[in-house]
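Colleague: There's a structure below that I have some questions on.
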Amino acid sequence: MAQNTPPPFDPNRPPVIEGFTPTALQYHQETFGEKFLRKTRDNPFVPIGCLGTAGILAYGLICFKKGNTHQSQIMMRARVLAQGFTVAALVVVQYKSSRRSVLLQADVILDVRKPEEVPPN
């Protein structure tokens, strides 16, 4: 055996592949604000429902503190409706998301193509 033969793979020098330039994959870490804006654009009804619920609750508590119990009671009922709206919005978004993933999987499984895209036999 020759003494000067290089090892088959040197981890310090990766192999050269024509047409391939290795780059370090850098993922952008999404900040809280960016994630909030992205999710709000996907479904604006959830934050609207949350803000509405908080606003109605605050106004109901103010009415209760002032002694206007009738208005406070109406606001607490409205708060329940606003919470229901928010929960319904969450359920609808979750349902749409699950249907979208199921449909995407079905397209991949069935290999759905337009008739003009199917190669002739």
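Colleague: Evaluate E = 1/(1 + (r/R0)^6) for SER98 and LEU37, where r is the Cβ-Cβ distance and R0 equals 22 Å; express this FRET efficiency to the nearest 0.05.
Modeller: 0.40
Colleague: Scan around ASN68 for amide H atoms under 5 Å from its own, H built in the peptide plane at 1.01 Å from N, and keep only partners 5 or more places away or cross-chain.
Modeller: HN-HN under 5 Å from ASN68: empty list.
Colleague: If you average the sequence gap of Cα pairs under 8 Å that are 6 or more apart and divide by the length of region 43-108, what percent do you get for the contact order?
Modeller: Dividing the mean separation by the residue count of region 43-108 yields 37 percent.
Colleague: Work through the residues other than GLN94 whose Cβ is under 15 Å from its Cβ and net out their charges, Lys, Arg +1 and Asp, Glu -1. Don't jump to the answer; show the numbers that get you there.
Modeller: Working: positive: LYS39, LYS96, ARG99, ARG100; negative: ASP42.
Cβ neighbours under 15 Å give a net charge of +3.
Colleague: For the pair LEU61 and GLU30, what calculated FRET efficiency results from E = 1/(1 + (r/R0)^6), where r is the Cβ-Cβ distance and R0 = 41 Å, to the nearest 0.05?
Modeller: E between GLU30 and LEU61, to the nearest 0.05, is 0.75.
Values in this text are rule-based calculations from the coordinates and carry no lab data. Just so it is clear, the structure is predicted and the values come from calculations on it, not from any experiment. Here Cβ is always computed from backbone atoms with ideal geometry, including for glycine, and neighbour counts include all displayed protein chains.
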